[in-house]
1. Name the long-range amide H neighbours of Ile167: under 5 Å, sequence gap of 5 or more, or other chain; modelled H, no Pro or chain starts.
2. Extension gain Phe262-Asp221, at 0.36 nm per residue separation less the Cα-Cα distance, in nm?
3. With 23 Å as the limit, write out which pairs from Lys175/Lys275; Lys202/Lys241; Lys110/Lys282; Lys224/Lys260; Lys104/Lys282 have Cα-Cα distances beyond it, or answer none.
4. How long is the gain from Lys239 to Lys175 if the chain were fully straight, where each residue apart is worth 0.36 nm and the alpha carbon distance is subtracted?
5. Percent antiparallel among DSSP beta bridges with both residues in the stretch 126-239, to the nearest 5?
6. With N denoting the number of residues in the stretch 179-334, provide Rg(C-alpha) divided by 2.2 N^0.38 Å, to two decimal places.
7. Tell me, what is the FRET efficiency for Lys282 and Val120 to the nearest 0.05, using R0 = 30 angstrom and their Cβ-Cβ distance as r?
8. Taking a spot 7 Å from the Cα of Cys161 along the direction of its beta carbon, which residues of the stretch 254-275 have an amide N less than 19 Å from it?
Amino acid sequence: MRSVIHTATRFSAAFFSSQFSRKSTSLFSAASIHLRKMAHYLTELRGRPNATDYRVYLKTSDGKYISPFHDIPLYVADEQVGIMFFKSILFNMVVEVPRWSNAKMEIATKEPLNPIKQDVKKGKLRYVANIFPHKGYIWNYGALPQTWEDPSHTDKATMCCGDNDPIDVCEIGSKVCVTGQVIQVKVLGILALIDEGETDWKVIAINKEDPDASSLNSVEDVRKIKPGHLEATVDWFKKYKVPDGKPENQFAFNGQFKDKDFAIEVIKSTHSYWKALVMRKKMKSDEIVCQNTSLCESPFKCSDAEASTVVEAAAEYGEPLPVPSEASKGHILL
């Protein structure tokens, strides 16, 4: 067993406290707020890196296991004289894939407690190719917790259904993060990838601790301060499946980035779909696992002991296996 400490939120608003008014993005409804003090999150590694049994579980600073999908609040908030305000619109981001790496790590939405694992297809671990001039993932890649792109909902803007996952984030800061790290990010814009007929939103964000964070407030700022980043992002998503013999991906809006306000509205809608997801009365065997330890009104809330049982059943942490030769050459395994 191996645990790692990652800095997270100072104060977090949980579950239904995260919805804010359309008329004011700064004020929470005081009646729906529940605060949970979070100094940091921990990660616990299970199984062997570069193997199908590898898992990254998350837990609170006091050692209680949580779901990174359901238990980490979407919004970051501060307490000010008993009323909740945004200092700026900050969101928690769960890092799945560190910048420059190739392993396709993701939140396991169909496993208890939703640990982070390496995706597997046709029995093989998945890696993304190095497509010149890029090396692996060109940002810290991850997801916004407490969001869900509903596959039964057709997006009015893209005319495609959701991809059945939390909404993705590309964090464009200079620091290389680690898998399972929870960071606070500022949203700058959004790109609408159409992946095999599904809407797969890509939020563009910056770590609030990044040296450029105070200067970056929009996609236009990114163009000025980080020239080439947005163009590289479109190029990466367009071509990353080509080495596997698949066609280039397509985009809504002709591959143009939408602004921060548009992005926040998309995030709010995926948050509302997530709320409906975790409040369902029943869950089919092939559906997303909504097990959580903090959502009191959810029928899928479990005890700390039940959560511990899930992790204890996972394989013990072991030494990493060698990376497959195909991955080291930059080939993608799908």
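Read the figures in this text as sums done on the coordinates, not as results from a lab. A quick note: this is a predicted structure, and the numbers were derived from the prediction, not measured. Cβ atoms come from the backbone with ideal geometry, glycine included; neighbour counts cover every protein chain shown.
1. Here Leu144, Thr147, Trp148, Glu149 satisfy the definition.
2. Numbers: separation 41, 0.36 × 41 = 14.76 nm, distance 1.60 nm.
The Phe262-Asp221 span can extend by a further 13.2 nm.
3. On the way: Lys175/Lys275 32 Å; Lys202/Lys241 16 Å; Lys110/Lys282 15 Å; Lys224/Lys260 16 Å; Lys104/Lys282 30 Å.
The answer is Lys175/Lys275; Lys104/Lys282.
4. Working: separation 64, 0.36 × 64 = 23.04 nm, distance 2.46 nm.
The Lys239-Lys175 span can extend by a further 20.6 nm.
5. Values: 15 of 21 bridges.
Around 70 percent antiparallel, to the nearest 5.
6. Working: Rg = 19.9 Å, N = 156, 2.2 N^0.38 = 15.0 Å.
Working it through for the stretch 179-334, the quotient is 1.33.
7. Details: r = 27 Å, r/R0 = 0.91.
Computed FRET efficiency for Lys282 and Val120 comes out at 0.65.
8. 270-275
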